[in-house]
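So the structure is just underneath, and the comments pick up after that.
The values are calculated or read from the model by the stated rules, or taken from the named source; none is laboratory data. Bear in mind the structure is a predicted one, so any value in this text is a computation, not a measurement. Cβ sites come from the backbone with ideal geometry, for glycine too, and all protein chains shown count toward neighbours.
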Amino acid sequence: MPHKNFYITTPIYYPSGKLHIGHSYTTVAADTISRYKRMQGYDVMFLTGTDEHGQKIELKAANAGVTPQQYVDEIVAGIKDLWKLLNISYDKFIRTTDKYHEKSVQRIFEKLYEQGDIYKGSYKGLYCTPCESFWTESQLVDGKCPDCGREVEQAEEEAYFLRLSKYADRLIEYYDAHPDFIQPESRKTEMVNNFIKPGLEDLCVSRTSFTWGIPVTFDPKHVVYVWLDALSNYITALGYLNDEENKFEKFWPADIHLVGKEIVRFHTIVWPIMLMALDLPLPKKVYGHGWLLLDGGKMSKSKGNVVDPVVLCERYGVDAIRYFLLREIPFGNDGVFSNEALINRINSDLANDLGNLVSRSTAMVEKYFGGVLPGNRESGEFDYELINLAIEVKHSVEHGIDNLEFSTALTDLFKLVSRTNKYIDETAPWVLAKDESKAARLSAVMYNLCESLRIISILIAPFMPDTAKAIQSCFDATDIFSWEQADTWGLLPDGTTITKTAALFPRIDMETEIAALNEINPSASADAKAEKSDIKENITTLAQIGIEDFAKVELRTAKVITCEPIKKAKKLLKLTLDDGSGTERIVASGIAKWYTPEDLIGHTIIIVANLKPAVFCGVESNGMILAADCGEDDVKVIFADNMPVGCKVR
Ligand code: MSP
């Protein structure tokens, strides 16, 4: 096989607190791709790490009474433990506090300054001296500092700037010449229309208001802006401008940067411009995946669900979590995380389908043939349907992973799991076993089941490595589990010993489990309470938005035509709305706890009409319903029954 290299990265994580299940999303996806590529024979470099500088960390450390370095060291150790638990097979873990990285960033900054791409300018704005913060006019509250309420004054501070403006045209040309550079496609449109076309302003790339950062060598009262520091990790980790590694030639440009959607802007505007200025090739692809949401909002530990990945792995096993993350939501879209959805997936796909198939098949070989697959076989009805599907599945799985459609890849793979279960029902081995003249047929059925299991175990390995191993350990055979061998039927040698396995995924009783989760997460309701009172206290100090920001939100009246619960999601209702456009609109809303469908049908409500679609438990939701938080655990939909449908609300 020709020598092939593959370089994949995740974002480097802020060690500013405990990671939640949403943080595991990018990393599990990157790990799956890395394992898949390795199995295909690539020489893979999988990079992850931590982004440790910045004012936020400095403040958190001060609050905790430790140095920033002590503060990050402890959290980074926890992050590494989490990746170990989740079986993340990274090849390098970079910390932006690593000395080699700091040195390289300083050299990059110097180089860009020497060639004029970074210049010294001044940052002008309204300044609050006690808070050491610049504000824009629209951020002020009653003309005063939104943080402390004191007077602000016009001020000017020297700072270094990166000439983004100089590269705007080249960047658009690059996008046009490389249509796959930003994926999914919609994110590219967003970058061009929202950021590049309105005009790229030069970016302030140094700070003087705090010290926890990499000092600018030739002007050390400035520290390098965290994003410039962080983005550079993708090349410093390979040894760019340092002697730590010697992998730059081999692995750069990266094949893919996997990132969450909110940081696509940095990866497709700032980072490419830095690379152009450094005269380096650009990464081949930046993929911006969607978010895992809780009840339609951002993930936090205080919203009633258990989102701690360590707790979830302990209760359900690492592979169940990996499977859920990749199967439940199409990777490019947002989707809702809930403990119920997770348990449903485990019960239906893993316990009922996969786990059951493995234990039934291996138990039957043991029962009927003392665990040894006989060579005497006779083919029969249903065999070819199973065999044809089995040898085609590899192609579908490859297509899915290559296109970052993990959910489709797993759906296709599980079609083989279902087909194999069906094969057991069709061939009814327990009936064959009663008739001695059918021994050769029974032996063929057992062989086919085991062959199918062998193929499943190979293809599932990138997603669920422990499960693959567990299935393969039932076979007393080696050298039949390589990726190459996943589309060839009949590789299992006659006489192979098969050992029966215990249930891989025990069924979970939903009610007992949810009750247990509520027990272990008593902080959820207390935190939610605290969060609400925080909101009340903070309302006067919220960051202000301009009227132009508000104008971006399109609020419309709409009438509820039909409404029904969404199976598998206790909290969600699916509403069909007449929004006056002539086309029905589907919206999923997390209000099932407070409303039955009958409470809503026929009422006119207010929706956010220009919200990007998101998929919740298989339902694509196009908008959001306005509702008020009226106290602890009390939510009221805002009815607008006296209004016609389709009115704009301002
Ligand atoms: N430090 C920056 C990245 C610098 S890369 C040069 C950062 N760190 S982060 O810790 O805030 O986020 C790391 C990754 O986790 C991001 O890709 C982010 O999108 C992802 N996620 C954080 N919460 C998430 C969900 N709830 N759902 C899915 N991914 C989410 O950004």
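Brief remarks follow.
- Residue check for I455: in a helix (DSSP H, G or I) and either touching a strand residue (DSSP E or B) at 6+ places or on another chain (Cβ under 6 Å) or outside the structural domain of S34 (by TED's automatic domain parsing) (or both): yes
- Scan of the stretch 143-193 for residues that are among the acidic types (D, E), in contact with a helix residue (DSSP H, G or I) (Cβ under 9 Å, 6 or more places away or on another chain) and over 17 Å from P272 (Cα atoms), ordered by number: D147
- Meets criteria (buried (at least 17 other Cβ atoms within 10 Å of the Cβ) and either of a type in the set (A, V, I, L, M) or within 30 Å of C148 (Cβ to Cβ) (or both)) for A628: no
- Restricting C647, C617 to residues that are at positive phi, surrounded by 13 or more Cβ atoms within 10 Å (Cβ to Cβ) and in contact (Cβ under 8 Å) with a residue 60 or more places away in the chain narrows the list to C617.
- Here E385 fulfils each of the conditions (1) assigned to a helix (DSSP H, G or I); (2) farther than 19 Å from M446 by Cβ; (3) not hydrophobic (A, V, I, L, M, F, W, C) apart from (2).
Here is a yes/no grid of residues against (1) part of a helix (DSSP H, G or I); (2) in contact with a Lys or Arg (Cβ under 7 Å, 6 or more places away or on another chain); (3) not aliphatic (A, V, I, L, M):
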| site | (1), (2), (3) |
| --- | --- |
| P462 | no, yes, yes |
| T467 | yes, no, yes |
| I471 | yes, no, no |
| D479 | no, no, yes |
| A486 | yes, yes, no |
| W489 | no, no, yes |
| L492 | no, yes, no |
| I508 | no, no, no |
| A516 | yes, no, no |
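- Residue within the stretch 37-52 that is in a helix (DSSP H, G or I), more than 16 Å from the ligand (Cβ to nearest atom), over 15 Å from the mean Cα position of the chain (by Cα) and among the polar types (S, T, N, Q) present: no
- Qualifying residues in the stretch 200-233 (those that are within 16 Å of the ligand (Cβ to nearest atom) and surrounded by fewer than 21 Cβ atoms within 10 Å (Cβ to Cβ)) - the one farthest from the chain's Cα centre (by Cα): L203
- Where helices (runs of 4 or more DSSP H) sit wholly within the stretch 164-241, those with at least 2 residues that are out of contact with any His (no Cβ under 8 Å at 6 or more places or on another chain) and over 30 Å from F93 (Cβ atoms) occupy 168-177, 185-190.
- Selected residue (criterion: surrounded by the most Cβ atoms within 10 Å (Cβ to Cβ)) from residues of the stretch 99-155 that are modelled with pLDDT of 85 or more and of a type in the set (S, T, N, Q): S104
- Qualifying residue in the stretch 170-183 (condition: more than 25 Å from T67 (Cβ to Cβ) and at pLDDT below 90): no
- Pair list, Cβ < 6 Å and 6+ apart or interchain, from the stretch 550-566 residues that are under 17 Å from M624 (Cβ atoms) and in contact (Cβ under 8 Å) with a residue 12 or more places away in the chain to residues that are surrounded by 13 or more Cβ atoms within 10 Å (Cβ to Cβ) and among the hydroxyl-bearing types (S, T, Y): T557/T604; K559/T604
- Some residue of the stretch 376-397 being surrounded by fewer than 18 Cβ atoms within 10 Å (Cβ to Cβ), farther than 21 Å from K422 by Cα and not aliphatic (A, V, I, L, M): yes
- Filtered residues of the stretch 57-80 (kept if touching a residue at least 24 places away in the same chain (Cβ under 8 Å) and within 19 Å of T26 (Cα to Cα)): I75, V76, G78, I79
- The residue that is nearest to V336 (Cα to Cα), among those in the stretch 1-29 that are crowded, with 21+ Cβ neighbours inside 10 Å and more than 10 Å from the ligand (Cβ to nearest atom), is V28.
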